[in-house]
Each structure stands twice: as C-alpha cells, then as structure tokens.
1. Which order do peptides 364-372, 199-207, 331-339, 105-113 fall in by mean Cβ count within 10 Å, highest first?
2. Measure off 7 Å from each Cα along the Cα-to-Cβ vector at Ser32 and Lys11, then give the distance between these two points in nanometres to one decimal.
3. Sort the following peptides by mean Cβ neighbour count (other Cβ atoms within 10 Å, averaged over residues), highest first: 178-184, 58-64.
4. Please list, or write none, the aspartates and glutamates whose alpha carbon is within less than 17 Å of the alpha carbon of Lys214, excluding same-chain residues fewer than 8 places away.
5. Assuming 0.36 nm per residue, please report the length gained on full extension of the stretch Cys317 to Lys43 beyond their Cα-Cα distance.
6. State the extension gain, in nm to one decimal, for the chain segment bounded by His342 and Lys231, taking 0.36 nm per residue of separation less the distance between their alpha-carbons.
7. Out of the DSSP beta bridges found with both residues in the chain, what percent are antiparallel (nearest 5)?
8. Could you identify which residue out of Thr70, Thr140, Thr25 has the top mean-square fluctuation in a GNM of the chain using Cα springs shorter than 10 Å?
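Values quoted throughout were computed directly from the atomic coordinates according to the rules given, and no laboratory measurement underlies them. These numbers come from a predicted model, not from an experiment. Methodologically, a virtual Cβ is constructed for each residue, glycine included, from the backbone with ideal geometry; neighbour enumeration extends over all protein chains shown.
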Amino acid sequence: MIYLDNNATTKPAPEVVEEVMRYMTERWFNPSSPYSAAFEAKKDLEDFRAKMARLLSCDPEEIFFTSCGTESDNMALKGYALANMDKGKHIITSEIEHKAVLGPCRWLEKAMGFEVTYLPVDSKGVVILDELAEAIRSDTILVSVMAANNETGVIQPIEDIVRIAHERGVPVHTDAVQAIGKIPVDIASWGVDMLSGSAHKFHGPRGVGFLFKKKGLRITALIQGGGHERKLRAGTENLAGIAGMVKALEIAIANLDEHAARISALRDALERGILERIPYVVVNGAGAPRVPNTLNISVKYVEGESMLLDLDSYGICASSGSACTSGELSPSHVLLAMGLDHATAHGSLRFSLSHENTEEDINRVLEVLPGIVERLRKLSPFGKG
Ligand code: PLP
C-alpha cells in the first residue's frame, strides 16, 4: 500500500505506540485518585504538560488537554464567544477553515445570534489581509484563522493577522492542526492567544489533542463535570494518549528540518512529474507558501472521486476535496473560495506525504496516474476524451 493521505491521519510512530502501551499497562491509574500510584500518574500528567509547553513555547498553565482538534476548536470558538458576549457578538474567520471551525461559527450564528465575517482568500488560497483590517468592528471579539490549510497546505500569514487584530485589541485563535509537525510552531513568536492541535496529525495517537489558551483569556467550559483541566474541560484525563502525543511532538520537532527537506523534495518531484505527464492540470496553492507534504491538483475533465477509486485499485491512498454528504457530491469549499469553477474543483486530488514515503512511492503514482486520467477522460462527458 502507498499511503498518501497523511492530512487525514498519520501512522503512529513505533515509539508512540510503545509509550501508549506503557501507560496503558503500567500507569493506568486515575490521576485524581488518592494513593501513591495515582500521585505518580498525576505527576506524569503535569510533566507532560510542562514538556508540551516547552516544545511549543508557552506556559504549562496555558495547555489544556482535549480529545481531538475538533474539540479544541469548539472550546476556543464557542468557549471564548460564550464568555465574552458582553463585549460584542462579532467574530471573524476565513472561508477556507476546516469544518471544526466553521461548524462552531454557524452554531454561534444560529443559536446565539452572533455575526460572523468569513474572510475571502486570493487565488493562491491566502487570506486577504486588507479584508481583515476592514472587517474588524467595535463589537469584534475574536479572529480565528487557520495556520495551514488541510486541503491545499497553504500557510496563512498568522503573524500579520495577529499584528492587525492586536492593533485593534482583538485576540486571535489559530487552528494549527495541519501545521504542527510540518512547520515550526512557536506560540510566543506567533503571538496568538489560542491555538488548537491534534495528535493523530503528527504521528501521535487518535483521540487526544490540546488547546493553548493564553493566561487571563476568559473562556466558558463546554463540558461540565469533575473540574479537570482547571475546570475548563471535565473528564478523567487520557494519560496514555497524552503520553503518546507528547512523545510524537518531541519526535516531530526533533526531525522537523530533516523530514521537511526530504518530504518537500518528494512532493515537488510528484508535482513536476504530474505536470510533465498529464495535460490540463493545475496545482492549487502554487506560488503560495505551503507545508512541505501537501500537493493539491485539479485534473480538468475528470472527477476526483473516480480517480481515487482507480488509485485505490492500485493500492494508492489519496483524497479529494469533495465531501460526500447525504449521497450528494459537493465540491470543496476551499477550492471554490480560491475561485475555481465547480467542474475544476470536482477534479481535485490531494496527496499528503509523510517521512515514511519513498521515491518508489512517487514513481509508482507517476506510473499509474497518467493512464487513469487518460481512460477517465475518454469516458468523460466534459470532452477532452
Ligand atoms: N482542523 C483541521 C485544519 C483539520 O485538518 C482537522 C482534521 O482533518 C481538524 C481540525 C479536526 O481534527 P480532529 O480530527 O483531531 O478532530
């Protein structure tokens, strides 16, 4: 199998699996229990928080463990909005956010009477900064823009966004789920006020994530119960998952430069090879800064879903931007926001690599994809057959 869908999820690193197993077999105690085995678990939990804070350049008190990136985004958007409604009910985000951000925004609009401005992006998929400056109002309480897009890999100008928002006294949340492990993420130098992450996107275990929240920033707990995570996220801590996440983050950061160089060389070879071999292909996000592992292309006159099925028959796992909701295929909202027409957006494919990929993997895709496209174009009602 050739796995090129690492933006969906990554294979846990062997050291991560070992660490999770160790915590599940040796340190499975409830960190809140009143005996020494549990005290050890509690100590480990706080050591992990401190390590995580060091790796991301923030304070241990500013790290809150969650169950996934989606929960972290909900905690940031809804938690912050509910706690700060007295200051205003306007939020700014972008048109290209993940549903984990768009969903809470829609809920705040519908259920809580908030107004949300969705910032447009340019044709390369980068948020238009001038639009941000114009969108900020006296009742704007939060700006939330992702650090890197999951479909195109395009990196957003977070430091500029923070500068513009902070000049007007508005805090910034960033969904860094697709940035962590791919580019340096330094909370202190970025200057963000909240940041979401998810372990399974950087070779950690599924079911664990975190939210960084700057000290002093008020948020309302979305999950009430036993008062865990300083009363902001109740629920017995997933210590084994947290152990695995911290191990994964350590490994990702230690190898970041080396992996980025190798992965981007493979990604670029794949991109070049496709453009050389297949006519009528556009690279979405070309010319913008991109994370090293992501290649998003639109193959004109073909449907992404059909290419995926054919690739799968060769054991190649990739993804398309289309989302199949209740049997209806809708093209990617990200690609539409970048100005692609529906047909071109429907022909999109996303290859997302990891350090486990090899030159042979890339060569195999380059060997089979042109034939797949040629065959599908012959059957295509859109012409160019
Ligand atoms: N945000 C982005 C940018 C993502 O790509 C994803 C997952 O694809 C999420 C949030 C949600 O993360 P999780 O799967 O951990 O809930």
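1. Working: 364-372: 17.9, 199-207: 24.2, 331-339: 21.7, 105-113: 13.9.
With the highest mean Cβ count within 10 Å placed first, the list reads 199-207, 331-339, 364-372, 105-113.
2. Here the answer is 3.8 nm between the modelled labels.
3. Working: 178-184: 24.7, 58-64: 18.6.
So the order, starting with the most tightly packed, is 178-184, 58-64.
4. Candidates past the 8-residue exclusion: Asp59, Glu61, Glu62, Asp73, Glu159, Asp175, Asp186, Asp193, Glu229.
5. Details: separation 274, 0.36 × 274 = 98.64 nm, distance 4.07 nm.
My answer for the length gained is 94.6 nm.
6. In short, 35.4 nm is gained.
7. Working: 24 of 41 bridges.
Taking every DSSP beta bridge with both residues in the chain, the antiparallel ones total about 60 percent.
8. Answer for the Gaussian network model of the chain: Thr25.
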